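> One structure, as structure tokens, below. Some questions next.
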Amino acid sequence: MNRRFFNIAAICFFLLVIIGGALALGHKAVRQKGYPGIKQYLGLVTKNYTNGINSSPKVIAISMSDDVYAKFKKHRDKYLNEGIMLNIGDNYEEITLTNGDKTYECLARLKGHMSDHLQEKKWSFRIKDLDKQVFGFSKLTFQHPGTRNYVYEWFFHQLAAQEGITFLSYDFIKLKINNEDWGIYALEEHFTSDLLKRNNRPDGPILRFDPTLYWQGRMNEKYGIHKGADYNDYKSAHLDVYQDGRVFKDSTLKKSYERAIYLIESFRRGEMSTTEVFDAELMAKYLAIIDLVGGYHSLDWSDVKLYYNKKTDKIEPIAYESFGVRKLQKLAGENRYYSDTRKLSSFHTNLFSDETFYNLYLNHVSRICSDSYFDSSYAALKSELAEKEAVLAEQYPLKPFNSEAYKHNVRVVKRIKDLPYALKVYVNEYNDSTITLAILNQSGFPIKTKYIEYKNQKIKFKEWIAPNNSKGPGDPILVHLEHNWGREIKLDKIEIKTELPYFIEYKEKVFPVKFSFKSMDNKRKVKAT
């Protein structure tokens, strides 16, 4: 009996040690990541859960025939097994949608590509041909809140709205299918003229790079087929337009679409710059917001949404699918700048390879990716944010809003100012009247030169030096300058003043050695006088 009691006591003690250790380690891990500790987190969850019980979400009811439901289920089951869903052709079916005391006959289909859109009692639906009295939209989407990362996507759209960027209406509702409660859904406005009116934009084409071939390629890869992979990317994607039937029937809209094609194709082929084609201010602000929220998803070319504004004759961004908030690894513009855009195969690298645009981007990153900006934005949205959280908490009480990832991203941006140096400058050739410098950028950002100085004499020299990139070391440029410093130059006393605008200034001393390699003669040459 004593031995049995001892064994039971030993087991209980052992379990307590394991549980206590796990809780301690879990608490430490959570704290190290910057989130609240277990006690604080449980407090947040309890509060959220209580708020969820007391919330009163809008209820949308969808009714469909047994045949239509069976078609959707068959479609869903097929692609859930495959892992990727393709929506090719007209897959819409007739349904009835009820909002309050109003009922509408409309069309619906399953939407989305990945399996997160096909989970049990969380199928994603695209609804069209709605009377505009339903939230003011004629086309919208219902989907699992997690496909856009819960309340963080709503917060992202509010930030875009603050900056005057075209944004989607985004909300949370309760959805019933054939009188069965399917829980809390995200409601997302789709790309129609309603969106433009709500954002005070003139009617015009809403655009995307058609991802059909991309998704077909993803499907093929599942079966080990890589045929045609080179044709499934940004370089060859057709510039598609939403509401194409409406656009083609309206001569003004059709003309605007043709103009948009001209601008985008000229940009994609390196014939026109970012500032010539895009509303550079809006695009720079948008990408700075992407940095704040860690919205890497929005940097995928297949998720880019654009709009042609006929009044400005410019292409504008539309805020879409940031999947924020995520901790930032590197900035949207990092390792992006190239001096030659003719053969670039990345939409965002094309965007950032424009000196004027990059300068605007840095300006807005320094403003938006800051504690003061986040704190003021959060304070302005806090009340409405709490309402959205409460609705979500009815089904997802473990998803409270947390500001730590935003703060982390602000810290990442601040660390740019800690870069010890950016350029290496070598003296390649010199005599009593001329000198040739080889300048190499070793950072991930384009660095702007201002002047070269020797013994308090300055030679103006304004040039953007391309950064390192994923393809290898950055290319140097050769700077040929004329001087009156005489024959006995002390090379190590020559300095070059540079800057990463809005962040940091440098004054680099030159290396009194020659920098060269086999193809050096083909490198870009500039002149400073």
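The values are calculated or read from the model by the stated rules, or taken from the named source; none is laboratory data. Note that the structure is predicted; figures quoted are calculated from it, not measured. In this analysis, Cβ positions are derived from the backbone assuming ideal geometry, glycine residues included, and neighbour counts consider all displayed protein chains. When the accessible area is computed, the model is the full protein with side chains, heavy atoms only, and any ligands, DNA or RNA have been set aside. Shrake-Rupley method; radii C 1.70, N 1.55, O 1.52, S 1.80 Å.
> Considering each residue of region 355-412, count those that are over 30 Å from Ile173 (Cβ atoms), of a type in the set (S, T, N, Q) and touching a Pro at 6+ places or on another chain (Cβ under 9 Å), and give that number.
The qualifying residues number 3.
> Given region 61-160, what strands (runs of 3 or more DSSP E) lie entirely inside it while holding 2 or more residues that are over 26 Å from the mean Cα position of the chain (by Cα) and under 23 Å from Val391 (Cβ atoms)? Walk me through it before giving the result.
Numbers: elements: 93-99, 102-110, 125-128, 139-143.
Result: 93-99, 102-110.
> Follow-up. Would you say Glu355 is of a type outside the set (A, V, I, L, M, F, W, C) and either in contact (Cβ under 8 Å) with a residue 12 or more places away in the chain or closer than 21 Å to Trp154 by Cβ (or both)?
Values: of a type outside the set (A, V, I, L, M, F, W, C): yes; either in contact (Cβ under 8 Å) with a residue 12 or more places away in the chain or closer than 21 Å to Trp154 by Cβ (or both): yes.
The answer is yes for Glu355.
> Looking at region 365-376, which of its residues are part of a helix (DSSP H, G or I) and in contact (Cβ under 8 Å) with a residue 24 or more places away in the chain? Spell out the reasoning first.
Pass one, region 365-376, residues part of a helix (DSSP H, G or I): 365-368, 371-376.
Hits for region 365-376 are Val365, Ser366, Arg367, Ile368, Asp371, Tyr373, Phe374.
> Still on this model: Condition first: under 30 Å from Leu328 (Cα atoms) and hydroxyl-bearing (Ser, Thr, Tyr). Can you find one or more residues in region 422-433 that meet it?
If we filter region 422-433 for residues that are under 30 Å from Leu328 (Cα atoms), which is where we start, we get 422-424.
Keeping just the survivors that are hydroxyl-bearing (Ser, Thr, Tyr) gives none.
No, because not a single residue in region 422-433 is under 30 Å from Leu328 (Cα atoms) and hydroxyl-bearing (Ser, Thr, Tyr).
> Please verify whether region 435-442 includes one or more residues that are open to solvent by 80 Å² or more (accessible area, probe 1.4 Å) and closer than 30 Å to Ser345 by Cα.
Our first condition is that a residue be open to solvent by 80 Å² or more (accessible area, probe 1.4 Å); within region 435-442, this holds for 442.
Checking the rest, the ones that are also closer than 30 Å to Ser345 by Cα come to 442.
There is at least one residue in region 435-442 that is open to solvent by 80 Å² or more (accessible area, probe 1.4 Å) and closer than 30 Å to Ser345 by Cα.
> Taking the condition of being outside any strand (DSSP E or B), open to solvent by 60 Å² or more (accessible area, probe 1.4 Å) and either closer than 17 Å to Pro501 by Cβ or aliphatic (A, V, I, L, M) (or both), how many residues in region 443-462 meet it?
Of the residues in region 443-462, the ones outside any strand (DSSP E or B) are 443-446, 455-456, 461-462.
Retained after the next criterion (residues that are open to solvent by 60 Å² or more (accessible area, probe 1.4 Å)): 455-456, 462.
Now restrict to residues that are either closer than 17 Å to Pro501 by Cβ or aliphatic (A, V, I, L, M) (or both): 462.
Result for region 443-462: 1.
> Restricting attention to region 132-141, does a residue exist that is among the β-branched types (Val, Ile, Thr), out of contact with any helix residue (DSSP H, G or I) (no Cβ under 7 Å at 6 or more places or on another chain), open to solvent by 30 Å² or more (accessible area, probe 1.4 Å) and modelled with pLDDT of 90 or more? Give the steps one after another, and end with the answer.
Filtering region 132-141 for residues among the β-branched types (Val, Ile, Thr) gives 134, 141.
Cutting the leftovers down to out of contact with any helix residue (DSSP H, G or I) (no Cβ under 7 Å at 6 or more places or on another chain) gives us 134, 141.
Pick out the ones that are also open to solvent by 30 Å² or more (accessible area, probe 1.4 Å) and you get none.
So far as region 132-141 goes, no, none of its residues is among the β-branched types (Val, Ile, Thr), out of contact with any helix residue (DSSP H, G or I) (no Cβ under 7 Å at 6 or more places or on another chain), open to solvent by 30 Å² or more (accessible area, probe 1.4 Å) and modelled with pLDDT of 90 or more.
> Return the residues of region 406-427 that are out of contact with any Leu (no Cβ under 6 Å at 6 or more places or on another chain) and either open to solvent by less than 50 Å² (accessible area, probe 1.4 Å) or of a type in the set (Phe, Trp, Tyr) (or both); say none if nothing qualifies. First the steps, then the outcome.
So the first thing to find is which residues in region 406-427 are out of contact with any Leu (no Cβ under 6 Å at 6 or more places or on another chain), and the list is 406-408, 410-411, 413-423, 426.
The answer is Tyr406, Lys407, His408, Val410, Val413, Ile416, Tyr421, Ala422, Leu423, Tyr426.
> Please give the number of the condition Ser403 fails out of (1) farther than 23 Å from Tyr361 by Cα; (2) buried (at least 16 other Cβ atoms within 10 Å of the Cβ).
(2)
> If Leu306 satisfies every condition in (1) of a type outside the set (Asp, Glu); (2) surrounded by 18 or more Cβ atoms within 10 Å (Cβ to Cβ); (3) assigned to a helix (DSSP H, G or I) but one, which is the exception?
(3)
> I'd like to know if region 415-423 contains one or more residues that are farther than 17 Å from Lys493 by Cα, assigned to a strand (DSSP E or B) and touching an Asp or Glu at 6+ places or on another chain (Cβ under 6 Å).
No, region 415-423 contains no residue that is farther than 17 Å from Lys493 by Cα, assigned to a strand (DSSP E or B) and touching an Asp or Glu at 6+ places or on another chain (Cβ under 6 Å).
> Which of the residues belonging to region 437-463 are under 41 Å from the mean Cα position of the chain (by Cα) and over 23 Å from Lys417 (Cβ atoms)? Quick ask: steps written out before the conclusion?
First, the residues of region 437-463 that are under 41 Å from the mean Cα position of the chain (by Cα): 437-453, 459-463.
Within region 437-463, Leu437, Ala438, Ile452, Ile459, Lys460, Phe461 meet the criteria.
> Taking the stated definitions as given, is Arg367 open to solvent by 20 Å² or more (accessible area, probe 1.4 Å) and under 18 Å from the mean Cα position of the chain (by Cα)? So that I can check it myself, show each step before the final result.
Values: open to solvent by 20 Å² or more (accessible area, probe 1.4 Å): yes; under 18 Å from the mean Cα position of the chain (by Cα): yes.
When the stated conditions are applied, Arg367 passes them.
> Restricting attention to region 349-364, which residues are in a helix (DSSP H, G or I) and open to solvent by 10 Å² or more (accessible area, probe 1.4 Å)?
So in region 349-364, the residues in a helix (DSSP H, G or I) come out as 349-352, 355-364.
Residues satisfying the conditions are Thr349, Glu355, Thr356, Asn359, Leu360, Asn363, His364.
> Residue by residue through region 477-510, note down the ones that are in contact with a strand residue (DSSP E or B) (Cβ under 9 Å, 6 or more places away or on another chain), open to solvent by less than 80 Å² (accessible area, probe 1.4 Å) and part of a loop (DSSP other than H, G, I, E, B).
Correct list: His483, Trp485, Ile489, Ile494, Pro501, Val510.
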